Amino acid sequence: MQQESVMTIAHLYKSFGNNHVLIDFNLNLFKGENVVVLGRSGSGKSVLIKCIIGLLKPDKGDIVVFNESIGKMGEVELDKVRARVGFLFQSNALYDSMTVRQNLEFPLRRHWLAVTQDAVNKMVMEALEDVGLAHTIEMMPVELSGGMRKRIALARTLILKPDIILYDEPTTGLDSITGNEIISLMIDIQKKYNTSALIISHDMNCVRRASDRVVVLYEGTCYAAGTYADLLLNEDPKVKQFFEQAIK
């Protein structure tokens, strides 16, 4: 049975002056699949995400999301796509002056969804229950631990029921126990909602547990791709360097 592609990145190039960040980068993301993009700091992972959501314009190439080219969209069309693509920021990006409830309501207001306040309340509670933090609804971000803030940020991402979620270093700055809890949540969300996810991470525990496929971003290209188990056995030094620690 042929897999349904929800995102196709084809022959993508992006440079900043003489710094060639993405060089003929290609990737397919399929429905219900978690793909981890693995690469060193400064390898272009964040640039890739910014191109996907239209914050950066590629020099060449195409990004097709839900069968529509990002490069050919105006702002109104881009906003419609962004409503279907959730983005979990590395920094969480919660508004400190807003309660948890207000932070979760913000995407609903921003996209001008025609829903009643009762429907909004139900959506907020469902998203909080998905991350196990319904009791925090009237709390302020400053009252939450780092792991709780990450969960709230994930709940805010989930509230629009996105078809695709982009995770930017979801476990960075968290202790190993909290990091494992976030990874488990990511897996639960994939199973419950059949979401597709592109995960930017250098945390090999996250790569191992959360990925269906792994893509190695090296010198701007999709240098290698396969399951975690496949790449763990890859003897190419450029691939092996990422997995050496996992083998020990």
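State whether segment 208-248 is rounded, prolate or oblate according to the following rule on the C-alpha gyration tensor (a ≥ b ≥ c being the square roots of its eigenvalues): a/c under 1.5 gives rounded; otherwise a/b larger than b/c gives prolate, and the remaining case gives oblate. Don't skip to the end; give the middle numbers.
Working: a/c = 1.82, a/b = 1.13, b/c = 1.61.
Judged from the Cα gyration tensor, segment 208-248 comes out oblate (a/c at least 1.5, b/c at or above a/b).
If you stretched the chain out fully between GLU244 and ASN180, how much longer would it get, using 0.36 nm times the residue separation minus the C-alpha to C-alpha distance? Intermediate values should be presented prior to the final figure.
Numbers: separation 64, 0.36 × 64 = 23.04 nm, distance 2.06 nm.
So the chain would gain 21.0 nm between GLU244 and ASN180.
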Exercise for review: Evaluate E = 1/(1 + (r/R0)^6) for GLU219 and ILE53, where r is the Cβ-Cβ distance and R0 equals 25 Å; express this FRET efficiency to the nearest 0.05.
Suggested key: 0.60
Study note, to complete from the structure: Taking placed amide H atoms and a strict 5 Å upper bound, the residues 5 or more places from VAL6 or on another chain that come that close are LEU29, PHE30, LYS31
Revision key, fill the gap. If N is the residue count of segment 168-248, its Cα Rg over 2.2 N^0.38 Å rounds to 1.12
Check your understanding: In whole Hz, what ³J(HN,Hα) sequence does segment 181-190 give by Karplus (6.51, -1.76, 1.60; θ = phi - 60°), x for Gly and Pro?
Key -> 5, 5, 4, 4, 4, 4, 5, 4, 5, 4
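Let me check against my output: what whole-number percent is the relative contact order of segment 153-248, with C-alpha pairs under 8 Å and at least 6 apart? Before the final figure, lay out the partial values.
On the way: 92 pairs, mean separation 20.7, N = 96.
Dividing the mean separation by the residue count of segment 153-248 yields 22 percent.
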Practice item. For a footprinting-style exposure proxy, rank CYS51, CYS222 by other Cβ within 10 Å, fewest first. Key: CYS222, CYS51
Review point. Over all directions, what mean area does the Cα convex hull of segment 114-248 project, stated in square nanometres?
Key: 10.0
Review point. Which shape class, rounded, prolate or oblate, goes with segment 28-121 when its Cα gyration tensor gives a ≥ b ≥ c as root eigenvalues, a/c under 1.5 marks rounded, and past that a/b bigger than b/c marks prolate?
Key: prolate
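From Cα pairs below 8 angstrom and at least 6 apart in sequence, can you work out the relative contact order of the chain, rounded to a whole percent?
Reported relative contact order: 27 percent.
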Practice item. Order by neighbour count: THR116, THR8, fewest other Cβ atoms within 10 Å first, most last. Key: THR116, THR8
Point to revise | 32 Å Cα-Cα threshold exceeded, pairs from LYS57/LYS161; LYS14/LYS192; LYS31/LYS72; LYS31/LYS238 | key: LYS14/LYS192
Review point. Can you work out the base-10 log of I(q)/I(0) for segment 1-45 at q = 0.21, 0.30 1/Å, using the Debye formula on its C-alpha atoms alone?
Key: -0.81, -1.13
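Read-outs throughout are calculated quantities, based only on the coordinates presented, and are distinct from any laboratory measurement. All values reported here derive from a predicted model rather than from experimental measurement. Because the Cβ atoms are built from the backbone with ideal geometry, glycine has one as well, and the counts that use them run over all protein chains shown.
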